[in-house]
Each structure stands twice: as C-alpha cells, then as structure tokens.
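Read through the structure below, which is laid out as structure tokens, and then see the notes.
All of the numbers you see were taken from the coordinates with simple rules; none came from a lab. What you are looking at is a predicted structure, and each value in this text was computed from that prediction instead of being measured. Heads up, the Cβs are rebuilt from the backbone with ideal geometry, glycines too, and the neighbour counts pull from every protein chain shown.
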C-alpha cells in the first residue's frame with residue numbers, strides 16, 4: 001500500500017497527543033505520514049505546567065509552499081485535529097481545496113470537538129458534505145446501562161446505478177474511570193486507516209477502531225496501576241498512552257467491541 005497522509009495537528013515532546021498519537025499507528029498500518037504541527041508543546045495541557053509555540057496561519061502557508069515548490073504535495077488523505085484560531089483553519093481549508101483539485105479522490109478526515117449529540121447530528125453533517133460521520137461518545141442512553149457510552153456512525157455511498165446506500169451503526173462502549181489525553185487523535189487516525197482498508201463496511205471499520213482504543217487504554221491502565229500502586233490515583237505522566245507497547249494490537253486488533261447495524 002502506497003497511501004500518503006498529511007496530518008495537521010498538535011504536537012508534544014513528551015507523550016502521545018495530536019500528531020504523535022496519530023502518526024505511529026498510521027505508519028504501523030503502512031501509511032506514509034507527513035506532519036505539520038499546529039502547536040508544539042512540551043507536554044499536553046493536562047500536566048501542571050507546559051511550554052511551547054503556536055504555528056500561525058502565515059507559517060502554515062510557508063510550510064505548505066515549500067512542499068508544493070518541490071512537487072511533493074500529492075496526498076490521498078488530509079487529517080486535521082486541534083487548531084488555535086479561525087485564520088489557521090481558513091488556511092487549512094485553502095490547502096485542502098488545492099490538494100483536492102490535484103487529486104479529486106482525496107479524502108479529508110476532520111477530527112472536530114462537538115458538544116451536540118443524537119442521530120440527527122449525523123444527518124445534519126451528511127447534508128454539509130461528509131460521506132462518513134462518526135460520533136464517538138454521545139449522551140444518548142445505553143441499553144446496557146449508565147456505565148456505557150453510545151457511539152454512532154453513518155456512511156453514505158453511491159451504488160453503480162447512482163442510488164445512495166446508507167449504513168448506520170451503534171456501539172455501546174464501556175466507560176473507564178480515568179482521564180486520558182490523545183485518545184480522540186488515535187481514534188481519528190484509526191478510523192481513517194480502517195475505513196481505507198474496509199471502504200464499504202463501516203461496521204467492521206468502527207469495530208476495529210474501537211477495539212484498538214480498548215487495547216491501548218487497557219494496557220495503559222494496567223501499566224499505571226502497577227507503577228502507582230494500590231488505592232492511589234495515577235498522574236498524567238503515568239496515564240500517557242502505551243502506544244509503542246500496543247503495536248501488535250494496532251496492526252491486528254482482536255475485535256472485542258461489536259457494532260449493531262441500525
């Protein structure tokens with residue numbers, strides 16, 4: 001597979017957030033990843049202290065111009081995450097449009113932070129253009145009880161005769177009594193990867209994506225508890241995702257979370 005991703009996200013020196021959370025898993029699965037750091041911090045903001053720099057819209061433009069001048073601006077995917085302001089996002093939009101003109105098949109994967117919920121949101125987002133929408137943790141009640149989050153997914157694709165086929169899925173995901181940073185970035189990267197590998201099967205793509213998260217989080221919790229000892233709360237440093245140690249699970253995740261087709 002020769003598939004290239006441009007990932008525009010945050011970056012931290014220590015830990016796994018943004019590009020560090022997305023790049024390694026994508027590379028493990030065979031994707032070539034070029035990264036632009038929207039911010040560069042010493043560590044994520046869950047720590048008591050952090051230092052770093054913010055990339056401006058003009059600096060983003062300069063970086064992209066350098067890529068373009070060397071004629072290496074051919075991408076199959078653009079993945080975006082955290083951005084600080086509207087001007088930076090406007091520049092991202094311009095870049096995506098230009099890349100889309102060069103490769104009409106390019107797929108833009110956006111990892112937004114939205115506070116809304118419900119299945120109607122998926123239809124609203126579909127109406128704005130995206131063919132695939134996944135809501136990772138809605139406030140809808142789970143049939144399995146209040147210890148589960150509900151994830152929803154919807155995918156529209158055209159049949160050969162021009163009609164539109166819609167597949168919608170629901171997943172009940174067990175809650176974990178801990179706070180992690182970088183899991184959303186990992187989820188977006190894995191969703192990109194598994195929808196690429198299963199382009200017409202949102203159910204399987206979401207099951208593998210969620211199962212990767214499950215294995216990484218489980219390994220992280222186990223490590224943190226071993227380090228901190230019984231009846232003590234792990235620190236942000238101890239809850240950094242155990243990404244490298246989860247390489248085998250990223251490559252071939254055992255599916256432990258199942259989706260239901262609606």
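Among 97, 61, the ranking by other beta carbons within 10 Å of each residue's beta carbon, starting with the fewest, stands as 97, 61. Percent of C-alpha pairs per 10 Å bin in segment 78-152, short distances first: 16, 38, 31, 12, 3.
By the helix-only formula, in which each DSSP H run with n ≥ 4 contributes -39500 (n - 2.57) and the sum is divided by residues, the chain has a 222 nm mean residue ellipticity of -12000 deg cm²/dmol. Which of the three applies to segment 34-124, rounded, prolate or oblate, going by the alpha-carbon gyration tensor with a ≥ b ≥ c and a/c under 1.5 meaning rounded? In terms of gyration-tensor shape, oblate.
Below 8 Å between Cα atoms, with a sequence gap of 6+, how large is the relative contact order for the chain in percent?
Numbers: 442 pairs, mean separation 48.4, N = 262.
Rounded, it is 18 percent for the chain.
For segment 115-173, what is the relative contact order in percent, using Cα pairs closer than 8 Å and at least 6 residues apart in sequence?
28 percent
Please label the shape of segment 1-71 as rounded, prolate or oblate, based on the square roots a ≥ b ≥ c of the eigenvalues of the alpha-carbon gyration tensor (a/c under 1.5 means rounded; beyond that, a/b larger than b/c means prolate, else oblate). It is oblate, given that a/c is not under 1.5 and a/b is not larger than b/c. Entry for the chain at q = 0.13, 0.16 Å⁻¹: log10 I(q)/I(0) = -0.90, -1.36, Debye formula applied to identical alpha-carbon scatterers, no solvent contribution. Rg then Dmax, both in Å and based on the Cα atoms of segment 115-173: 13.0, 44. Sorted fewest first by neighbouring Cβ atoms within 10 angstrom, 134, 244, 28 come out as 244, 28, 134. Using Cα centres only, tell me the gap between segment 34-77 and segment 191-222 in whole Å. Answer, in whole Å: 26.
So if the hydrodynamic radius of segment 117-262 is defined as the Kirkwood radius over C-alpha pairs, what does Stokes-Einstein give as its diffusion coefficient at 20 °C and 1.002 mPa s, in µm² per second? Before the final figure, lay out each step's value.
Details: Rh = 16.4 Å.
This corresponds to a translational diffusion coefficient of 130 µm²/s.
If you stretched the chain out fully between residue 204 and residue 93, how much longer would it get, using 0.36 nm times the residue separation minus the C-alpha to C-alpha distance? If you can, show how the numbers build up before the last one.
Numbers: separation 111, 0.36 × 111 = 39.96 nm, distance 3.00 nm.
37.0 nm is the gain from fully extending residue 204 to residue 93.
Its relative contact order, with pairs defined as Cα atoms under 8 Å and 6+ residues apart, puts segment 175-215 at 38 percent.
Which of 31, 180 comes first, and how do the rest follow, when ranked by fewest Cβ neighbours within 10 Å? Numbers along the way, then the final one.
Numbers: 31 23, 180 20.
The most exposed by this proxy come first: 180, 31.
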